[in-house]
Each structure stands twice: as structure tokens, then as C-alpha cells.
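Working notes, structure below.
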Amino acid sequence: MSYATVLITHVVNDAVIEGFIPALLKFRHAPDSQLIIITDDKDAHMDALIAMPLGAQISILECDVFNPLAIIDTLNNHHILPNLVFSNSDHLQAATAIVADFFHLPSKDWRHCLVFKDKYLMRTQLQSAHLYQAGYQLLNAKDLYLDTCAIDNLTINNPAISFPLVAKPKQGVASMDVQLCMDKDELLSYCQDFWQSKTLPILVESYVAGRLMTLETLSDGERLVAVGGFEVTLTEPPHFVELDAVWNTPLCVQYRERCLAILQDIGVGLGVCHSEFIITPTGAIHLVEINYRSIGDGREFLLDDMAHYPWFDTIIRLHQGVSIAELETEYGALAISTHARIRYIVAPQSGTICTAPSPFNKQMQQTTLIHQPLKQQHQTIHLTHSNKDYLSRLLAYSDCENTINDVLNDAIASLQWQFDA
């Protein structure tokens, strides 16, 4: 039996390859112990890791990562006894928690992982705790032949639901297939279009107007602390694509403790968590979703740059059993006070990119400015009205808040993207 650190992953992404794998290699229990990656896409991960230092100390095993019994069976068949089990995937948190618990390692509650990822179950739990006020209902693929009469019944049978409604896949990601429907005809059209290619259930809920903020938390399983949050600007409905995110605005600071209390009440615990809230004009707090992993879309690397402690390393140490108190003794309070802003450049149309700007990382007016292209020249774009449409992102952070906006605006004006229709 050999000891190993185990990372469970599905899709190749920067956070795993450039953030968590280096951290996991750093905190192995012994210098010669292996990092085992378990995935259902071995070839893609091998290609991504081929040039990584210490690659010889990384092994990749393949199985159905959505099945915790398959993961346990794979580890046992290879005589591997994990000393840490970790995943940064939304979809794999429940499976990872079951595997970690099986091997008596620090783990999340798999029930919470399941509920948080399922938008319908989460709203049901919140409503039972009197923490959710908007009306909502689930539509299943059996309603493929949904008609206007059925939609009339939807609102009649559930008086809490009223138009406009937000429709979204029950377990969707990246704002994909999320749409505001102003009336029953728009909802009918949305359902029919969605179910032409998918059979996933659709969650519909009353639209809640307000300002969107995130809360980033860390926990040792006992104590939950707020790191900070972004106030987010979205595109105009009917779609909801993030355009801009500002760290620790007055809104984020004002509502931080109340949002943190909601997360504590519903069981957010071990490790890192990224949650989203709408603050209504009356000051009511509406929990939109919980992602039981690190924030994405490049913001995890921004936090790593901004924080006075290593972001990825700290998350891994929490899964090793290090307490928040120990981390605070080492680093001080874990809240991040640096000023920061991200702008996302969204493709204005479908087509092939004929001109694309280069990446850069530079200092301007006491501000660190980073441009990260996400699409390349000659790449073809098909608009999805989600964050899959991002061309690039601009990240800026500084100890001086006043310079960030000017630096970002000047940088955006200099970026040239051109398309062939």
C-alpha cells in the first residue's frame, strides 16, 4: 500500500493546472510521495501536465469521477491509501466528500455538497429555513410539449411565481442557458428551444431585481470566515453575463456579515466557497447560488496576487486539517483589503477573430495591470450569452483605489479585436 495525495478533476482548467496542482505538490506528506490525479479525461490532463516540473511525481488514473464508489475502487485496486482528497470542481464536491470520508480524511458534508450544487434543492432547503422568499418551481423534460395552458397552470398552482421569471438549468454552469422570460410566450419558447438538445430539468423562479455581490469564505470545518467579495455588473437582461467585478465595494462590506450568517446557517464549511447574493432595493438579501469551490474566471489568481498569504496553498492546508486559528497566527486576519477590479471583454458577435491583442503584465500608476486573452487569432466564436463568450479579461489591483479605474479604461481603449463575420 502506497500513500498519495489525490486530486479529483473533470475538465482541464487553469485553476487546477496552475494553482492547485503546484500547491498539492508542495504540501505532500513526504517529498517522494506521489500526487495522484483521478479524472475521466486522462489524455487531456496528460497533455496539460506534460511540461510541468516534477511531472514524474504525478500519476493519472482514469475512472468515472462522478461515481464515488468507482473512485474508491480505483484507489484500492492500485493499492493507494490517500492522505488528502481534494477537488475544485462544482460537480465533484459530493463524490470527493464521500471518498475523503471513506478514508477518514477531512471532508465536507456530502449532503451539503449535493444540495448546494442543485439549484432546486438549495432553494427548497433555504425556504424551509425561512431564508428564501422568491417563488420557484421545477419543470422536467417530460414537459417537452409544454403549452401556454400548462404555463398558465404553473402560475395558478404556485401563486408565489409571477412574471418576469428567470429560467435556468437545474445544475447549470457559467450562466449558460440562463434567461429572463417576460411572459408565458417567452417561457414557452425558452423551454422548447432548450429541450430540443437537452433533457435537463429547468428551474423557473421569480425575477429578483437588485445589485449582485459575491462572498468568498474559508473554513476549517468549524469556523467560517469571510475573505471579502466582489460587486458584479451584468449585461442587460434577458441574459446574465458578468462584465465587471469590483472587490470590497461599500455594498460588499455593508452586507458581508449578514451574508456570512446565511452561509453558516445552511452549513457551508470546510475549505473555500464562492457564493452569490442579490441585495434588493429594500435591503433584503437573496442567495442566488453557492459554488463549494474557489471563485473562477481568473479571479482566483487575482486573489492569490492580492492576498498577504498564498491563496491556493491555504485552501490545501485547510483540507489537511490546519485550523483557521493557526492560519491567523501565521498570517493575521484572512480578509483581503487590497483594491481590485476585473473587466471582461465580451465578443460582440459570432465570427472568426482576425485581430487579437497580446497578453501583458505591467505596473502603471501604482497599479498592477494584467491582460489575459482567452481567445486567439483565427479562433471562431459562436455566441452563447455566457462567460464562454469572453475574449479576454483585464485585472487590476492596487493599494491606491483612485488609480484603478483610469488605468483600466485606458487599457480597454487600447485593445483591438477584429472579426470576420
- Query: Just F312, F86, F194 to compare: in a GNM of the chain, with alpha carbon springs under 10 Å, which one fluctuates most?
  - Reply: F194
- Query: In deg cm²/dmol and to the nearest 500, what is the mean residue ellipticity at 222 nm of the chain if only DSSP H runs of at least 4 residues count, each as -39500 (n - 2.57), divided by the residue total?
  - Reply: -9000 deg cm²/dmol
- Using DSSP, restrict attention to beta bridges with both residues in the chain and report what percent are antiparallel, rounded to the nearest 5. 80 percent
- Query: Sorted by mean Cβ packing within 10 Å, highest first, what order do the peptides 1-13, 286-298, 357-369 take?
  - Reply: 286-298, 1-13, 357-369
- Counted charge near L270, where neighbours are those whose Cβ lies closer than 13 Å (Asp, Glu -1; Lys, Arg +1): 0
- Query: What per residue convex hull volume, in Å³, comes out for the chain when only alpha-carbon positions are used?
  - Reply: 158 Å³
- Task: Compute the distance in nm between two label points, each set 7 Å from the Cα along the Cα-to-Cβ direction, one at T199 and one at E328.
- Result: 5.1 nm
- Check the straight Cα-Cα distances from K184 and name the lysines below 19 Å, setting aside those fewer than 8 residues away within the same chain. K142, K168
- Cut-off 12 Å between beta-carbons: net charge of the residues surrounding K170, Lys and Arg +1, Asp and Glu -1: +1
- Please go through the residue pairs K117/K198; K42/K170; K170/K375; K108/K375 and name each one whose alpha carbons sit more than 26 Å apart in this structure. K42/K170; K170/K375; K108/K375
- Query: With labels modelled as points extended 7 Å from the Cα through the Cβ direction, what inter-label distance (nm, one decimal) is found for H308 paired with Q372?
  - Reply: 2.4 nm
- Task: Can you give me the span-like helices of the chain, meaning DSSP H runs with 18 Å or more of Cα extent along the axis and Kyte-Doolittle mean at or above 0.0?
- Result: 250-266
- Task: Please go through the range 184-240 and write out the trypsin sites (Lys or Arg not before Pro) that DSSP classes as loop and that have at most 14 other C-beta atoms within 10 Å.
- Result: K198, R223
- Show me 332-341, 313-322 ranked by packing, highest mean number of other Cβ atoms within 10 Å first. 313-322, 332-341
- Rounded to a whole number, what is D in µm²/s for the range 302-421 from Stokes-Einstein with the Kirkwood radius over alpha-carbon pairs (25 °C, 0.890 mPa s)? 148 µm²/s
- Message: How much length would be gained if the chain were fully extended between A129 and M182, taking 0.36 nm per residue of separation minus their Cα-Cα distance, in nm to one decimal?
- Response: 16.2 nm
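Where a number appears in this text, it was derived from the coordinates with a stated rule and is not lab data. Just so it is clear, the model here is predicted, and its values are computed rather than measured. Cβ coordinates were reconstructed from backbone atoms using ideal geometry, including for glycine residues, and neighbour counts include every protein chain displayed.
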